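We did not get these values from a lab; they are worked out from the coordinates using the rules stated. Here the structure is a predicted model, which means the values were calculated and not measured. Note: ideal-geometry Cβ built from the backbone for every residue, glycine included; neighbour counts use all protein chains shown.
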Protein chains: 2
Amino acid sequence: MKREDLREAAERIRDAYRAGELVVALCDCEVYYSGRSFSRLGRGERVIILKPDGALIVHRPWGYSPVNYQPQSSTLTVTVEEGRIHLRSTRAKPLEVMDIYVYNLLALFTGKLRDEAEFEMWGSEEDIKHAIALEPSILGERFKLVDEEHKMGDRGYADLLLVDPNGTYVVVEIKKGAATREAVKQLKRYVDYYTAALGHPVRGILAAPALAKGARPLLESLGLEYRRVDLRMVARILKSRGGLLRFLGSSDRGSSR
Amino acid sequence: MKREDLREAAERIRDAYRAGELVVALCDCEVYYSGRSFSRLGRGERVIILKPDGALIVHRPWGYSPVNYQPQSSTLTVTVEEGRIHLRSTRAKPLEVMDIYVYNLLALFTGKLRDEAEFEMWGSEEDIKHAIALEPSILGERFKLVDEEHKMGDRGYADLLLVDPNGTYVVVEIKKGAATREAVKQLKRYVDYYTAALGHPVRGILAAPALAKGARPLLESLGLEYRRVDLRMVARILKSRGGLLRFLGSSDRGSSR
DNA sequence: CCTTGGATATCGGTT
DNA sequence: AACCGATGTCCAAGG
């Protein structure tokens, strides 16, 4: 790339960054990173996104993950060297530095992006927890809610603590995806702790949309229980209690078909 | 955006995707996602990257994380609707669908990116493990290596298994950053398992550059040990054994100064 | 501030 | 194909 073109491109990037604009560059570059780890990426053509908040993202032409990046609040310097542009992004804590050397530009976009829209997401573990807390009976018995995020000594926190019609306490562990054996062990640790703390038996329920392959045998051998939770049921409960009104109102547009 | 422009843009995107090219679009769009979770993002201006392998990434003008995405091997369809382009990306397993409605294009790049370079990274947990395996004595005693990734029944795998001069086995858990209480618990599970499996006492060592706040009290109360590992020491050992020669040879370019 | 735990986590390697 | 642990994990909530 010609010297003048490099200078001009560097100035466009610097000016855009100072003006709070977004920069997208498709370019031939090298990348070095030093911080919690160290990495080196030889010359090749990539997509670079530089955001007004300092986030810097480098994508190779394949894969989901960026090959290199700095998070928001990093700071950038732009300098022109012999035959290349040097972009240095510095993150303060932990101290991390990323150096990009740009040798050629295929395309360069700079400008402000107007994006004031709301982003709504639903289906988290917490959404499931809220739904069960609102209607513990969806677990199949007349449970009553005792507490959420109930401390289990130094073992952690039980997602939910319920009591069944017999007055027996029930520790509930929730997973948003297929519950693994690890989740079963986690529940067991809570049940063991709480049984010891109370001095009498406690039930343990794993609530999840599904069980991973080896989870059921382990669960049963440990005397624990599984209750399937249906995300649609969760949505219905939250919706009836007003938690998801606007979101669900039009989610069907993108959901299927 | 004019109808003809939309049609033309849609065709460019479709043709590029079919030809195995990369697409970067800066556009005014809406996004819906349905799969393991559900999300909705109203209209606004974003950066969209579509890669030849099917990866699809949508970035808002701030933050490190993409607001919506599909991983590689997703498939794309492009259609023109009234006043907008509809991009639908489908991931087969788990079944997940992302719909993008594009109302206006600020910029559109399509083309092949040539990127054959190697990406090298150093400083992983595995690098630390290799260094200790090569020179177990850096943990401060005359340990001998027994095994790497030694299976601890159904609890997982110990990073390293050593034996001390007394013939006592030592389970080692390695962390590349500050070791948390969670790491201490993980080590405890391994030590408990292996003590039971062998029928006599086993030592447990947590090897990491640092201990997180609450980790030391827990570690000591469980009778486990901590050994600090120095990344520079790790680099020296690996370098002397030839593992990092080429990489370290020029990493100084990007590391500092 | 640090610590903790979730995430559409993603990504490999191993079973 | 499922499971398991690492990740420059990132990130928000707060015990």
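Highest-first packing order for the peptide set A:223-236, B:127-140 is B:127-140, A:223-236, based on the mean count of other beta carbon atoms within 10 Å. Charging the Cβ of each Asp and Glu at -1 and of each Lys and Arg at +1, and nothing else, the dipole of chain B about its Cα centre rounds to 480 debye.
For every other residue with a beta carbon closer than 12 angstrom to the beta carbon of residue A:206, add +1 if it is Lys or Arg and -1 if Asp or Glu, then tell me the sum. Value of the local net charge: +3. Only one residue of B:49, B:25, B:10 has its Cα farthest out toward the positive end of the dipole of the range B:1-117, where Lys and Arg carry +1 and Asp and Glu -1 on Cβ, and that residue is B:49. Computed from Cα atoms, the angle from the helix B:181-198 axis to the main principal axis of chain B rounds to 50 degrees.
Within a straight-line Cα-Cα reach of under 24 Å, residue B:213 can be paired with the following lysines, leaving aside sequence neighbours fewer than 8 residues apart in one chain: A:93, A:151, B:129, B:175, B:176, B:185, B:188.
Counting Cα-Cα pairs of the protein assembly as shown in 10 Å increments starting at 0 gives whole-percent bin shares of 3, 15, 20, 22, 22, 13, 4, 0, 0. One chain, two ends: residue B:230 and residue B:112. Fully extended at 0.36 nm per residue, the span grows by 38.2 nm beyond their Cα-Cα distance. Sorted from nearest, the other copies put their residue B:220 label points 4.6 nm away, the label point being 7 Å from Cα in the direction of Cβ.
With label points defined 7 Å past Cα in the direction of Cβ, position residue B:166 shows copy-to-copy spacings of 4.7 nm, given to one decimal and shortest first. For residue B:68, the residues whose amide H sits under 5 Å from its own are B:58, ignoring neighbours fewer than 5 places away on the same chain, with H placed 1.01 Å from N. Across peptide A:197-210, the average count of Cβ atoms from other chains found within 10 Å of a residue's Cβ is 0.
So what is the relative contact order for the range A:1-160, in percent, with contacts set as C-alpha pairs under 8 Å and at least six apart? The normalised contact order for the range A:1-160 reaches 21 percent. Pairs of Cα atoms nearer than 8 Å and 6+ residues apart set the relative contact order; for the range B:125-255 it is 22 percent. Counting only Cβ charges, +1 for Lys and Arg and -1 for Asp and Glu, the dipole size of the range B:125-255 around its Cα centre is about 380 debye. Each residue of the range A:160-168 was assigned a 3J(HN,Hα) from its phi angle through the Karplus curve 6.51 cos²θ - 1.76 cosθ + 1.60 (θ = phi - 60°); the sequence is 9, 10, 10, 9, 8, x, 7, x, 7 Hz, with glycine and proline shown as x. Take each residue in B:43-56, count the other chain C-beta atoms within 10 Å of its C-beta, and the mean is 4. Round to the nearest 10 and give me the degree value, 0 to 90, for the angle of helix B:231-240's Cα axis relative to the longest principal axis of chain B. It works out to around 80 degrees.
Using the C-alpha gyration tensor of the range B:125-255, what are the square roots of 5 times its eigenvalues, in whole angstrom, with the largest one first?
Details: eigenvalues 145, 57, 30 Å².
So the equivalent ellipsoid measures 27, 17, 12 Å along its semi-axes.
When the P(r) is computed for chain A, the part past 34 Å accounts for 48% of the Cα-Cα pairs.
With a ≥ b ≥ c the root eigenvalues of the C-alpha gyration tensor of the range A:1-81, is it rounded (a/c under 1.5), prolate (a/b larger than b/c) or oblate? Oblate, because a/c is 1.5 or more while a/b does not exceed b/c. When the helices of chain A are scored as -39500 (n - 2.57) per DSSP H run of n ≥ 4 and the total is divided over every residue, the value at 222 nm lands at -8500 deg cm²/dmol. Take the Cβ-Cβ distance between residue A:197 and residue A:121 as r, set R0 to 35 Å, and report the resulting FRET efficiency rounded to the nearest 0.05. Computed FRET efficiency for residue A:197 and residue A:121: 0.45. Among the GluC sites (Glu not before Pro) in the range A:103-132, those placed in a DSSP loop whose Cβ has at most 14 other Cβ atoms within 10 Å are A:116, A:118. For residue B:239, the point set 7 Å out from Cα toward Cβ sits 6.2 nm from its twins in the other copies, listed from shortest up.
Among residues of chain A, the one whose Cβ lies closest to the rotation axis carrying chain A onto chain B, together with that distance rounded to whole Å, is A:24, 3. Note on the protein assembly as shown: with charges restricted to the Cβ of Lys and Arg (+1) and Asp and Glu (-1), its dipole about the Cα centre is near 380 debye.
Tell me whether the range A:9-141 comes out rounded, prolate or oblate; compute the Cα gyration tensor, take square roots of the eigenvalues as a ≥ b ≥ c, and use a/c under 1.5 as the rounded threshold. The shape class here is prolate. Averaged over peptide A:103-109, the number of partner chain Cβ atoms lying within 10 Å of each residue's Cβ comes to 3.
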